[in-house]
Amino acid sequence: MPTRNLGPALAAALVTLALAAPAAPAAEPPVERGRYLVEVLAACGNCHTPKGPAGDLPGKHLAGGGSITEEFGTAIASNITPDRTTGIGGWRDAEIVRAIREGKSKSGRTLGPPMPFELYRQLSDTDVTAIVAYLRSVKPVRNRVAKSRYTMPLPPSWGPPVTSVPDPPQEILQYGAYLAGPIAHCVECHTPPGPGGRRDDARRLFAGGRKFTGPWGVTYSANLTTDRETGLGEWTTDQIVAGINGLRRDGSPERAPMPWPYYAGRIADRDMRALVAYLKSLPPIRSVVPPAEPPKPPEPTRRRPGR
Ligand code: HEC
Ligand code: HEC
């Protein structure tokens, strides 16, 4: 509705209203919504942009090739830029949606972990379509990546085909659960693995302690439940917001792979409020998380005899 014909006071009131009640996802242009999801909350680049010692490799945004070694073997993140020969430029929209929500490649092969397909199954049609629209808009990067080498058998599928997922409820706690689950997969990283590597044990959800080994050394995800001693029970809202934005309570920066560089200062107020409210609603679980270990110093180079 054009506001220029309205009285200035009414126009101002409408603007205030618009600010007070941020648009629900569907109202945003899909590419913008997709950019926000991919580059901020979902942090797809945390896996899909290859990293060097100084962070993201220049010119390789979302171009894949980084390796992730865990109990399942070595996964190589795919090139998800629209390059036609080495990325997903030649894929149809429905094929990209299927890869994200069902973990099936263009050929129909099951994609392997650690991409959180079980959570991405619950991405709403609006959001997954927005993600695809944004991926189509990024700069194509020619980068052929190696094949993942899984040492565990992959399931024939991650579940039945996903036909249609409605927009998430707007009630703050349910919306927060959607953000902390399907969108940002906080729960995936912040829940310790149960038997067989599964992370769906309700008695351990968000209790932290998942181990991450990489160039950063060894880190363990934090306990995000409301336990007063081992979780966030004593944290103020401001401290939780700062924590999501990358600051530990002692003021030092959080270590990888917590995707705070994606979040810092960029999460919409409404989403931050929902995330914090949701975390504050979690039942307390006592779980002491081991301290992080710094990276091992490089092996001293041995001198060859005779030199
Ligand atoms: C935790 C790491 C991780 C995250 C987070 C992640 N991915 Fe992936 N993704 C992978 C890996 C690894 C593969 C390759 C799996 C394989 O080789 O079987 C992959 C494969 C894909 C594929 C299939 C491409 C192909 O060529 O087969 C698409 C599309 C994709 N990811 C999109 C996304 C999007 C969009 C997001 C964010 C919403 C995302 N991924 C988040 C790790 C991740
Ligand atoms: C890729 C895995 C990963 C994802 C995704 C992730 N985190 Fe984390 N998070 C970590 C790790 C690892 C740490 C511990 C970092 C450290 O040791 O400095 C951490 C630390 C934190 C802390 C700091 C707690 C403290 O004690 O200092 C908060 C708060 C937090 N995460 C909240 C979240 C929220 C909310 C989300 C989702 C929006 C999220 N995290 C997504 C891995 C992850």
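The values are calculated or read from the model by the stated rules, or taken from the named source; none is laboratory data. Treat the numbers as computed from the prediction; the structure is a model and nothing was measured. Cβ coordinates were reconstructed from backbone atoms using ideal geometry, including for glycine residues, and neighbour counts include every protein chain displayed. Quick note on the areas: whole protein, heavy atoms, side chains included, nothing else; ligands and nucleic acids left out. Shrake-Rupley method; radii C 1.70, N 1.55, O 1.52, S 1.80 Å.
Summary table
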{"quantity": "Loop sites in segment 103-197: GluC sites (Glu not before Pro), DSSP, at most 13 other Cβ within 10 Å", "calculated": "171"}
{"quantity": "Estimated distance in nm for a label pair at residue 107 and residue 165, the labels positioned 7 Å out from Cα along Cα-to-Cβ", "calculated": "2.6 nm"}
{"quantity": "Choice from 147, 296, 211 showing the highest fluctuation, given a GNM over the chain with Cα pairs closer than 10 Å", "calculated": "296"}
{"quantity": "With every protein chain in place, the chain: carbon and sulfur % of accessible area (1.4 Å)", "calculated": "59 percent"}
{"quantity": "Taking all pairs of distinct alpha-carbon atoms in segment 26-167, Kirkwood radius in angstrom", "calculated": "15.4 Å"}
{"quantity": "Solvent-accessible area per residue for segment 26-167 (1.4 angstrom probe, square angstrom)", "calculated": "49 Å²"}
{"quantity": "Most fluctuating residue given options 225, 69, 191, as computed from a GNM of the chain linking Cα atoms under 10 Å", "calculated": "69"}
{"quantity": "Residue with peak Gaussian network fluctuation, the chain [Cα springs, cutoff 10 Å], from 110, 236, 74", "calculated": "236"}
{"quantity": "For segment 169-295: accessible area per residue (Å², 1.4 Å)", "calculated": "51 Å²"}
{"quantity": "D (Stokes-Einstein, µm²/s), Kirkwood Cα radius, segment 169-295, 1.002 mPa s at 20 °C", "calculated": "145 µm²/s"}
{"quantity": "Theoretical ellipticity at 222 nm over the chain - DSSP helices of four or more residues, -39500 (n - 2.57) apiece, nearest 500", "calculated": "-7500 deg cm²/dmol"}
{"quantity": "Rg in Å to one decimal, and Dmax rounded to a whole Å, for the chain via C-alpha atoms", "calculated": "21.2, 90"}
